[in-house]
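Beneath this line is the structure, given in structure tokens, with notes to follow.
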Amino acid sequence: MRIRATVAAVTGALALSALAVPAAQADGGFGDTRITKVVVDGDNKASVGISSPKTISVSVTATDDSGILGAEEFSLEGPDYGYFSTGKPTCKASSSTTSTCTASVLVDPKVDMLSNTNAGTWYVSAWIDANDDDYIWMDKAGSFQFQRASQLTVNASPEPVKKGRTITVTGKLARANWETLKYAGYTGQSVQLQFRKKDSNTYSTLKTIKTNSTGNLSTTVTASTDGYYRYSFAGTSTTPAINAAGDFVDVQ
């Protein structure tokens, strides 16, 4: 498999070969430097689709009694020999002892040759240097979910419909297949059918159903009042949560 070699300030490399993954290192350090927080992409979840590049941000907060001097490039490692390296972090002090160091990596599904088994729990490796020559190295300083982007549709019909008649609500849950660069149905997943009245801002759950072998959804409800129907998927470790846009039904 090809390895992208260029590493710039906001780009990185993905290696899907065992030869490309750095040798495992034990945690270590010297002095009182500590890593106190690691955040990836704001909420420790990063999803990638099939076409557009995705910039994944990484921030590592560290503390030392002398203050933080800087950080080495962060390494991100995951299942099936997944590996990224960020650019050189920029560190910003929040006090005389504490700084947050940030960097990012550009993931391009058309270039980086992701495998579907790369999705799952990934870990951030970080090396932080302090002003007094103390340092800390953590192989698993933090974790995040690297996910295959999801899509969810809904269609409620007929519309309009007479009160008391049956409404059929169909849809499909799909997720990125990084190997074919297409979206494919996500099978056997629990999805909630939700409804909100025309003048309300709140959805309530009517029932939970599962996707079939092609990711399709279909169920029926009884028409009672004007409102919006949508499907809602809570997500998994490999696929992000998503809500379909509501489909309005006029009940007459």
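Observations on the structure shown:
- Residue in the stretch 185-200 that is touching a strand residue (DSSP E or B) at 6+ places or on another chain (Cβ under 9 Å), assigned to a loop (DSSP other than H, G, I, E, B), open to solvent by 70 Å² or more (accessible area, probe 1.4 Å) and in contact (Cβ under 8 Å) with a residue 24 or more places away in the chain present: yes
- Within this structure, T121 fails the test of being within 16 Å of A46 (Cα to Cα), assigned to a helix (DSSP H, G or I) and not small (G, A, S).
- A residue that is closer than 30 Å to R34 by Cα and surrounded by fewer than 19 Cβ atoms within 10 Å (Cβ to Cβ) occurs nowhere in the stretch 162-183.
- The residues of the stretch 88-113 that are of a type outside the set (A, V, I, L, M), assigned to a loop (DSSP other than H, G, I, E, B) and surrounded by fewer than 19 Cβ atoms within 10 Å (Cβ to Cβ), listed by number, are K88, S94, S95, S96, T97, D108, K110.
- Identity of the residue in the stretch 51-66, under 14 Å from the mean Cα position of the chain (by Cα) and surrounded by 19 or more Cβ atoms within 10 Å (Cβ to Cβ), that ends up nearest to R34 (Cα to Cα): V58
- Flag if K37 is touching a Phe, Trp or Tyr at 6+ places or on another chain (Cβ under 7 Å), surrounded by fewer than 17 Cβ atoms within 10 Å (Cβ to Cβ), modelled with pLDDT of 95 or more and of a type in the set (K, R): no
- In the stretch 207-225, the residues that are under 18 Å from D250 (Cβ atoms) and surrounded by 15 or more Cβ atoms within 10 Å (Cβ to Cβ): V221, A223
- Here Y81, Y123, Y135 are screened, and the one residue that is within 30 Å of Y183 (Cα to Cα), open to solvent by 20 Å² or more (accessible area, probe 1.4 Å) and in contact with an Asp or Glu (Cβ under 7 Å, 6 or more places away or on another chain) is Y123.
- When residues of the stretch 67-78 are limited to those that are open to solvent by 20 Å² or more (accessible area, probe 1.4 Å) and in a loop (DSSP other than H, G, I, E, B), the one farthest from Q145 (Cα to Cα): E72
The values are calculated or read from the model by the stated rules, or taken from the named source; none is laboratory data. The model shown is predicted, which means the values in this text are computed figures rather than measured ones. A quick note on method: Cβ atoms are made from the backbone with ideal geometry, for glycine too, and the neighbour counts reach across all protein chains shown. With ligands, DNA and RNA removed, areas are computed over all heavy atoms of the protein, side chains included. Shrake-Rupley method; radii C 1.70, N 1.55, O 1.52, S 1.80 Å.
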